[in-house]
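Only one structure is covered here, and it is reproduced in the block below.
Read-outs throughout are calculated quantities, based only on the coordinates presented, and are distinct from any laboratory measurement. Because the structure is predicted, anything quoted here is derived from the model rather than measured. For neighbour counting, all protein chains shown are included, and Cβ atoms are generated from backbone atoms with ideal geometry for every residue, glycine included.
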Amino acid sequence: MLESVKEIDRLYHDMLYYGEWIITIFFTIEYIARIITVKKPSTYIFSFYGIIDFISTIPLYLSFFIVGSQTLLTVRALRLLRIFRILKVSRYIGESNKLIKALKNSRIKIFIFLFAVVIIAIISGALMYFIEGENSGFKNIPISVYWSIVTLTTVGYGDIHPVSPLGQFLASLLMILGYGIIAVPTGIVSAEYTKYTDDVHLNTQICDNCNEELHSDNANFCHQCGKKLDQKIS
């Protein structure tokens, strides 16, 4: 029985090993093809995704030639960033650009809001410390502030809880306040996001010659290399 289990494990290991080589070879061919086909290879090689492609492909080759370099195989997880490359060819990239702008423009408001939440947590934690005391598990103010943050965020671990009526009343107020706190950042970002609904949309296509993006909405040619862009999908 033990031998059969080991045999199955060895079989799965071999399948994953050869599968990894097939995937790595595929990525290698794709990486080389990109360098050959683009007009300016250095632009792709030293770009963010170009570096990611290289770093996520080379470790398996190194582990084959250099003993002890197997630990480098963990960087293969960087291939997951290729998901964002798929998103780059999507016609919805303009929406993601608007969301990024909304988050950037909201950062000051969100920071002020979070600062106010921290103040509320400190004050309520201090009040709970004086109300409950050490007998209820609120041994000091930092622990009480921790309880306040857990309650405000509606996490509610339950490791510390008030037992007196006044403490339970304060906890109830914080729980109700927590639901409102969760909604406020969403409202701030949503308000900023709606400001871009009437703005000029960007042409979401990427030039297949130089990989340039973010063209003007009415652009028919790439503003970097001049190649004609494909017809936009309405």
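Taking 0.36 nm per residue of separation and subtracting the Cα-Cα distance, full extension of the segment from Ile112 to Thr186 would add 25.2 nm. Extension gain, Tyr49 to Phe169, is 37.8 nm, computed as 0.36 nm per intervening residue step minus the present C-alpha separation. Using the average count of surrounding beta-carbon atoms within 10 Å as a protection proxy, the listed peptides 129-138, 100-109, 156-165 rank, highest first, as 129-138, 100-109, 156-165.
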